[in-house]
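Here is the structure we will look at, set down as structure tokens.
Every number here is computed from the coordinates shown, using simple stated rules; none is lab data. None of these values were measured; they are calculated from a predicted model. Note that each Cβ is placed from the backbone with ideal geometry, even for glycine, and that neighbours are counted across all protein chains shown.
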Amino acid sequence: MYSLLTTDKVIVKDENAHNLYNKRFYGNLTESGLELSYIEALFLLNKGKIENFNVPFYKIKKNFGNIGKL
């Protein structure tokens, strides 16, 4: 599932994004897509549930230290 990094959240723009919300209660469903916190997005990215954002993962990980090792 493709996701887009914004200044305060990550938006998953995929027709199947509702499955992440319905099955595991990640994020909030909105008209723009599934909105995830940075922590939720890092966890799902690390698990392979969502695809890279519009920036490389290493840059996000660098800003959050070892949090990407969940």
### Task
Would you please give the residues with an amide H less than 5 Å from that of Leu4, counting only those at least 5 places away or on a separate chain, with H modeled from the backbone geometry?
Ile11, Val12, Lys13
### Query
If we count every other residue with Cβ under 12 angstrom of Ile11's Cβ, Lys/Arg +1 and Asp/Glu -1, where does the sum land?
-3
